[in-house]
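This report concerns only the one structure given below.
Quick note: the coordinates plus some simple rules give every number you see, no bench work behind them. Source: prediction; values computed, not measured. Here the Cβ positions follow ideal geometry from the backbone for every residue, glycine too, while neighbour counts run over all protein chains shown.
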Amino acid sequence: MTSPRSNWNYPTAIRFGAGRIAELPDACRDAGMTRPLLVTDPFLATQAMTGRAIAILNEAGLPAGLFADIKPNPVETNVYRGLEALRSGGHDGVVAFGGGSALDAGKVVAFMAGQTRPMWDFEDIGDWYTRADPKGIAPIVAVPTTAGTGSEVGRAGVITQEATHTKKVIFHPLMMPKVTICDPELTVGMPPHITAGTGLDALAHCLEAYCAPSYHPMAEGIAVEGMRLVKEYLPRAYREGADIEARAQMMSAAAMGATAFQKGLGAIHALSHPVGALYDTHHGLTNAVFMPYVLIYNRSAIETKIERLAAYLGLTGRFDAFLEWVLGLRRDLGVPHTLEGLKIGPERFDEMSAMAPEDPTAGGNPVPITQDTARHLYEEALAGRI
Ligand SMILES: NC(=O)c1ccc[n+]([C@@H]2O[C@H](COP(=O)([O-])OP(=O)(O)OC[C@H]3O[C@@H](n4cnc5c(N)ncnc54)[C@H](O)[C@@H]3O)[C@@H](O)[C@H]2O)c1
Ligand SMILES: [Fe+2]
């Protein structure tokens, strides 16, 4: 083998542990904020834990504003309204508080704080991020309340472009939160279906990163252990939401998935993004529907790797044992086996099949995805053919 060459990034400072939300003022000070804007979604804005986070900031002499106009699968209007709130309130940083939707929107609001160009100029294409003024990026503290997207340790935000109904990735290396508080107590209130969907997003991140063909053995190591944590703890967190050990391990798995996926994602995400953008389905749940069909499609390229993974996970058997485990986990967590379960028929397959190969995650799939193969995969996922 010739000497490999690639760029690696570790994530950020993480304060991990139950109850550590109490350290939010310290985290904000570490990040250089004096007047944070807490960005969350409308449901979380009504929850006691959010009120408490704002209260501890205020009590610590960090007057905090609240912006909660964020929809699931956030859109550009959410970002621009948040930006108005940031500027008009004189805030000097963002506490991104919530699931991936609030985290992504909050991060992009902070990123846009001092930019003069429109947000779409910073899509994750080539070196477009160099168009941004790094001094115009406000500091970010991330506080996840779901365990799935790993956006709390990521350098990007996923925002839906309404004009084209497309999920776009806005990227900048400095969009990485300066400090992340991973407090598993914040996730105990997630209802089972959200626990399942978000936890399976973490699995999809680890699995796709592990299978992506680029060279990044550190990411692979992280992905493999992330999958072990999902296997052991996601069923527990789903059955018993107050199981704090399971919640903590899933919080790690989520951060590990996003750390690993700098290596690449793949067809699960490439097929899922058009569905999320057109039908507003839950991201992780949608990924989970596609997972076995994509595994089969990629089989020839990943069989040896999946055998190694199956052995690590303690499964008896090889590729088929792993596939069976995925199918069983999906079933146990109430994930629909076909697209019909997400209320999706073939009506927009033409559009979706054109979008999937263009998605930025498509390039990481071990077997190339074309318009024809994307259509084939959508058809398999509708028919439930394994
Ligand atoms: N930045 C990234 O790298 C990345 C990676 C994967 C996904 N994403 C994006 O993240 C978004 C999905 O995020 P998500 O899966 O976390 O879902 P979400 O943020 O949309 O939240 C789903 C629902 O769960 C609720 N919720 C959140 N925390 C809760 C809690 N503790 N208790 C009860 N309810 C709670 C929310 O209010 C919401 O109704 C999508 O837009 C997706 O594209 C981003
Ligand atoms: Fe994802």
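Pairwise over distinct Cα atoms, reciprocal of the mean inverse distance: report the Kirkwood radius of the chain in Å, one decimal place.
Radius from the Kirkwood sum: 20.8 Å.
Averaging the inverse of every distinct alpha carbon separation and then flipping it gives the Kirkwood radius. What is it for the range 185-332, in angstrom units?
In the range 185-332 this quantity evaluates to 15.2 Å.
Eight or more residues apart or on different chains, and alpha-carbon atoms under 26 Å: count the Lys pairs in the chain matching that.
22
From the mean inverse distance of alpha carbon pairs (Kirkwood) and the Cα radius of gyration, derive Rg over Rh for the range 18-170.
0.95
Would you kindly state the longest site-free stretch of the chain, with sites defined as trypsin sites (Lys or Arg not before Pro) in a DSSP loop (not H, G, I, E, B) surrounded by at most 12 other Cβ atoms within 10 Å?
By the stated rule (loop sites, at most 12 other Cβ atoms within 10 Å), 6-342.
Using Cα centres only, tell me the gap between the range 95-135 and the range 281-331 in whole Å.
With the range 95-135 and the range 281-331 each reduced to a Cα centre, they are spaced 33 Å.
Rounded to a whole number of µm²/s, how large is the Stokes-Einstein D of the range 118-231 at 37 °C and 0.692 mPa s, given Rh as the Kirkwood radius over C-alpha pairs?
For the chosen part, D equals 205 µm²/s.
Relative to the present Cα-Cα distance, how much length would full extension add between A18 and A354 at 0.36 nm per residue of separation?
Taking A18 through A354 to full extension adds about 116.5 nm, to one decimal.
Please check: in the Gaussian network model of the chain (C-alpha springs, under 10 Å), which one of D201, D26, D127 has the largest mean-square fluctuation.
D127
Evaluate the range 277-386: find the radius of gyration of its Cα atoms, find its Kirkwood radius, and give the ratio Rg to Rh.
Rounded to two decimals, Rg/Rh equals 0.97.
Taking 7 Å along the Cα-to-C-beta vector as the label spot, tell me the T304-D280 distance in nanometres, rounded to one decimal.
4.7 nm
Which cross-chain or sequence-distant (5 or more) residues have an amide H under 5 Å from the amide H of G65, H modelled 1.01 Å from N in plane?
For G65, the qualifying residues are L37, L38.
Using 1/(1 + (r/R0)^6) with R0 = 41 angstrom and r between the beta carbons of Q371 and E225, what's the FRET efficiency to the nearest 0.05?
0.70
For a quick check: with amide H placed at 1.01 Å from N, whose amide H comes under 5 Å from C182's, ignoring anything fewer than 5 positions away on the same chain?
Excluding prolines and chain starts, which carry no amide H, the hits are R15, F16, G17.
Once phi is turned into ³J(HN,Hα) by the Karplus curve 6.51 cos²θ - 1.76 cosθ + 1.60 with θ = phi - 60°, what whole-Hz value does each residue of the range 40-47 show in order, with x for glycine and proline?
So the J values, rounded to whole Hz, are 8, 9, x, 5, 5, 4, 8, 8.
Can you tell me how much longer the chain between T116 and T164 gets when fully stretched, taken as 0.36 nm per residue apart minus their C-alpha distance, in nm with one decimal?
15.0 nm
Explain nothing, just compute: Karplus ³J(HN,Hα) = 6.51 cos²θ - 1.76 cosθ + 1.60, θ = phi - 60°, for every residue of the range 315-331 in order, whole Hz, x for Gly and Pro.
Along the range 315-331, the couplings run 7, 8, x, 10, 3, 5, 5, 5, 4, 4, 4, 4, 5, x, 4, 4, 4 Hz.
What fraction of the Cα pairs in the range 206-255, stated in percent, has a spacing above 11 angstrom?
Percent of Cα pairs beyond 11 Å in the range 206-255: 64.
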